[in-house]
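Comments concern the structure below.
The values are calculated or read from the model by the stated rules, or taken from the named source; none is laboratory data. Note that the structure is a prediction, hence the values are computed from the model and not measured. Ideal geometry is used to build each Cβ from the backbone, glycine not excepted, and the neighbour counts take in all protein chains shown.
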Amino acid sequence: MRISHFTALLLACVLLFLPTVGLAVPSSLSVAVVADDHLALRPLELNQRDVVSLLGLVYEGLFEMDDNAQPQPKLAYAYSFSNDGRKLQVTLRQDVTFHNGEALTSADVIATLDYMLELSGFDDNLDSETPVDERGLYYSTFYSIRSWEATDDYTVVFTLRRASYGSLYALTFPILPVSQVASDMPSGTGPYKYDGYEQGSAIWLTANDAWWNRAPQVRYIRASIYDTADQALNAFDTQSVDIAMTRSINASRYSGSLNTFSLNARTRQLEVLLVNRAYKDFKSDDNGQNLLRQAIAYAINRSELISSAYQNMATVAYTPIPSGTWLSNESAIRDIYDPLMAASLLDSAGYKLADDGNRYKDGKKMEKLRILVYDEPGSTARTNAANKIVDQLAAVGIPAYVATWPRADVQTKLVSGDYSLALCGLNFDVSPDPGFTLTSTASCNYTRYRSNDMNDLITQLRKSYTADSYQSAMRLIQDQFEQDQPYICLYWRSAVLLSRETFTDVRDVRELEMLRGIESYGN
């Protein structure tokens, strides 16, 4: 059965008033993971989602994100920013040991960062000749952090590139012992430790009874390795595993099942419709407005796209900040789907509907708009969504068609500005700064959006190093976004966590952390 966040919260409230009973906690769990046959278990170098989630039980960062997606200390005991916000001092917990028995010290943090920097290939200006997919999973850490030093065994001082609270998000990478940073299967500090690994077959974990927190009640985890998502789902179907996690739309078949817990997991991939403001029909007037752009926004039914193209494996989005998190500005969330308003705006813009069913302006038939699309490997979901958008636009009299091209070709068109509409996925970093798509000179500002007000707000965000000021700046950004509509946010892609056993009570299930909560279930 699919459990919404609201239902889970209601259930939790009911349980508060029931007699206290011991939870039936399974002693072992089996998990399906999709991975290469020759996978190397090097946590700083991984790029395979399922394995990152699994190893989140073995390794820990200085900080972690809570159920509101706000950073909280993990291996850090305390932290403080300098008066100008350009330095961050982190004090480590002193009761932590690695699985090999070594005590955690600041030297381990320094060694981990040094190795991450080596992997990234970055110089002082963040230039690198290393291909992006070879820089390691956490290379974006260095967009926030300039340098680091240990001032004693349990204190690390970071010099930041920006005086920003967002730097805490960058410190969620796994800390490894100085003696093993470049090793296969290095020791971690987490609630589980390696008990074996057979390439192409399985990874075995066992509970870490020396964990600095409370020892897990789930004692053993076996992760069976599969080549494809379909194979992993088949293993779940045949009850070869208790848990599977996937982005595959094929997982939608479990919706409504009475024998399966099916939880949507939030990803950092935001699907958007880019409307090129430099395109002749989309240019702004003296007030920064364009009625045709607005009409397109009013014509799109996000819920229909999610149900038809993604089988409900997505969550509606109106701004580039996920709803329900501590940074979300709920007042900026407004469902503007209104075909009648879209038609009215088109009329006001001079696009009059004729008896032949077409719209004309100044005697000329409305030009057919091209929607550029690229699909993810093995999926046509985005093209399917684009075709549905064509239908929705046609319903208000806007003619459009879909052109599905290779990703590299679409990227070239976006950079050059040679397009009118494009349906794309924006991948956000762990640090939720949307400025890379919104500032006037941003590398991913493909819509040619220009706003001095937005530029100032992004600058304010990047100078906010308290939680309150960071939250305030982010909410103002969402207000400005709702007003300007730099691009049309459609939905956040979802992954799905499937389980036959209840193993977690976390509220916010997230991709790359899909197994979060196993360690504390029943404690």
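Data for the structure
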item	result
Residue within the range 423-439 that is modelled with pLDDT of 95 or more and of a type in the set (Val, Ile, Thr) present	yes
Count of residues meeting criterion [part of a loop (DSSP other than H, G, I, E, B) and touching a residue at least 40 places away in the same chain (Cβ under 8 Å)] in the range 376-408	7
Residue match in the range 444-456 (condition: assigned by TED's automatic domain parsing to the domain that holds residue 313, surrounded by fewer than 22 Cβ atoms within 10 Å (Cβ to Cβ) and within 22 Å of the chain's Cα centre (by Cα))	yes
Of the criteria (1) of a type in the set (A, V, I, L, M, F, W, C); (2) in contact with a Ser or Thr (Cβ under 6 Å, 6 or more places away or on another chain); (3) assigned by TED's automatic domain parsing to the domain that holds residue 516, which one residue 274 fails	(3)
Residue 318 touching a residue at least 24 places away in the same chain (Cβ under 8 Å) and in contact with a Ser or Thr (Cβ under 8 Å, 6 or more places away or on another chain)	no
Set 222, 214, 253: member being part of a strand (DSSP E or B), among the basic types (Lys, Arg) and in the same structural domain as residue 519 (by TED's automatic domain parsing)	222
Within the range 255-304, tally of residues that are more than 23 Å from the chain's Cα centre (by Cα) and of a type in the set (Lys, Arg)	4
Qualifying residue in the range 91-98 (condition: within 30 Å of residue 215 (Cα to Cα), among the hydroxyl-bearing types (Ser, Thr, Tyr) and in the same structural domain as residue 170 (by TED's automatic domain parsing))	yes
Leading residue by the ranking (nearest to the chain's Cα centre (by Cα)) among those in the range 89-145 that are of a type in the set (Ser, Thr, Tyr) and part of a loop (DSSP other than H, G, I, E, B)	138
Any chance residue 335 is loosely packed, with under 14 Cβ neighbours inside 10 Å and either touching a His at 6+ places or on another chain (Cβ under 9 Å) or part of a loop (DSSP other than H, G, I, E, B) (or both)	yes
Hits in the range 353-370 - residues which are of a type in the set (Lys, Arg), surrounded by 14 or more Cβ atoms within 10 Å (Cβ to Cβ) and either more than 12 Å from residue 399 (Cβ to Cβ) or free of Cβ contacts under 8 Å to residues at least 24 places away in the same chain (or both)	361
Some residue of the range 407-421 being closer than 23 Å to residue 315 by Cβ and under 20 Å from the mean Cα position of the chain (by Cα)	no
Qualifying residues in the range 464-509 (those that are assigned to a strand (DSSP E or B) and farther than 30 Å from residue 371 by Cβ) - the one farthest from the chain's Cα centre (by Cα)	499
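Residue by residue, here is whether (1) surrounded by fewer than 17 Cβ atoms within 10 Å (Cβ to Cβ); (2) in contact with a Ser or Thr (Cβ under 7 Å, 6 or more places away or on another chain) holds:
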| site | (1), (2) |
| --- | --- |
| 164 | no, yes |
| 170 | no, yes |
| 187 | no, no |
| 228 | yes, no |
